[in-house]
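Undergrad: This is the structure I have questions about; it appears just below.
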Amino acid sequence: MKFALPALLAPDRQADRVVPPSGFTAQLTLFTAAAMAFLAVFALALSLASGRLADRWASALAGTATIRISAPPEQLDTQVAAVLALLATTPGIDTARALDTEEQRALLEPWFGPDLPVEALPLPRLIELTEARPGYDSEGLRLRLAAEAPGAVLDDHTRWRRPMAQAAERLRLLGALSLILIAGSTAAMITLAANSALSANLPVIRVLRLVGAKDAYIVRAFVRRFTLRALSGAAIGTVLAMTLVALLPRADEAGAFLTGLGFQGFGWLLPLLLPPVVAVLAFAATRAAAFRTLKGLT
């Protein structure tokens, strides 16, 4: 009663007559496979893109740190010079430089506009540093800063990196969970369609058994029909979804937030796995439903 999946591709007109070539079950199977493949492509695309975005943000912050110096105006330049001298002798630090007034204005412009009078405000001075491999001792640097420049505070972006790394992992997990739910829903809907077709064709199945047809022959007829329907529907849904993903706005059209949405490089090959996966799900679901129905007739 066993048969191979590749054998389903061989045409068998006699077996096909057991299953109606059109009707409600055919439409339901095609629509379900197409819709689920469509959703799976977007779930996969959004999961990969969100993960890349969070990883890019986290990696951009990983190699940099900021020292904020708050002090009375007459002591500010002295503490900046002391901190720069300290950083020049700190192992693991590649470069360090104090941001000038124009750079600080550029940082504040998105929130306060371009006319902010930075010179008239008691803003702290910022020193940007980049670390060299294998990195520096942040706790040791904080202690040295506290001793030589009491107004200096080190921000190594840990509070930014950790949530982003967690967000990347959770987005990937959410994408995987979505794909599992889509696969389960696909199998359930195809099983319902197969059960409906089997129930509608019970008289034909009984006659076939009376004339000597084996259960494997009857099951093959149903499995082949539903597997090919699911494969065709999933291919349609996948192609449509990939086309829409390719038409998403580019970074220069939609802004930095939408940068990288969709697939990149070999990632475009991943959606092509969906139609075969849906076909395998249809094969397994229909086969189990058919054998269960035939067993109930004995």
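Undergrad: Take the Cβ-Cβ distance between ALA106 and THR78 as r, set R0 to 22 Å, and report the resulting FRET efficiency rounded to the nearest 0.05.
TA: For R0 = 22 Å, the calculated efficiency reads 0.30.
Undergrad: Order these peptides, 84-95, 215-226, 42-53, by their mean beta-carbon neighbour count within 10 angstrom, highest first.
TA: Going from most to least packed, we get 215-226, 42-53, 84-95.
Undergrad: Simple spin-label model, 7 Å along Cα-to-Cβ: ALA216 to ARG172 in nm?
TA: Distance between label points: 4.4 nm.
Undergrad: Could you work out how far apart the two model spin labels at ALA146 and ARG56 are, taking each label as a point 7 Å from the Cα in the direction of the beta carbon, and quote it in nm?
TA: 3.9 nm
Undergrad: Still on this structure: Spelling out what I want: for every residue of region 147-159, take phi, set θ = phi - 60°, compute 6.51 cos²θ - 1.76 cosθ + 1.60 (Karplus), and round to whole Hz; glycine and proline get x.
TA: 7, 9, 9, x, x, 9, 10, 8, 10, 8, 6, 4, 5
Undergrad: Further question: So what is the orientation-averaged projected area of region 71-150, using the convex hull of its C-alpha atoms, in nm²?
TA: In nm², the orientation-averaged hull projection of region 71-150 is 6.0.
Undergrad: Order the peptides 286-292, 100-106 from the highest to the lowest mean number of other Cβ atoms within 10 Å of their residues.
TA: In descending order of packing, they fall as 286-292, 100-106.
Undergrad: Let's test the formula: R0 of 51 Å, r as the Cβ-Cβ distance of THR64 and LEU240. What FRET efficiency results, to the nearest 0.05?
TA: Efficiency, from the Cβ-Cβ distance: 0.75.
Undergrad: Further question: How far apart, in nm, are two points set 7 Å out from the Cα along the Cα-to-Cβ line at VAL204 and at THR95?
TA: Result: 7.4 nm between the two label points.
Undergrad: Give the calculated FRET efficiency between GLU139 and LEU273 to the nearest 0.05, with a Förster radius of 51 Å applied to their Cβ-Cβ distance.
TA: 0.60
Undergrad: If contacts are Cα pairs under 8 angstrom and at least 6 residues apart, what is the relative contact order of region 71-150 in percent?
TA: Computed over region 71-150, the figure is 41 percent.
Any read-out appearing in this document is the output of simple, stated calculations on the displayed coordinates, not a laboratory observation. What you are looking at is a predicted structure, and each value in this text was computed from that prediction instead of being measured. In this analysis, Cβ positions are derived from the backbone assuming ideal geometry, glycine residues included, and neighbour counts consider all displayed protein chains.
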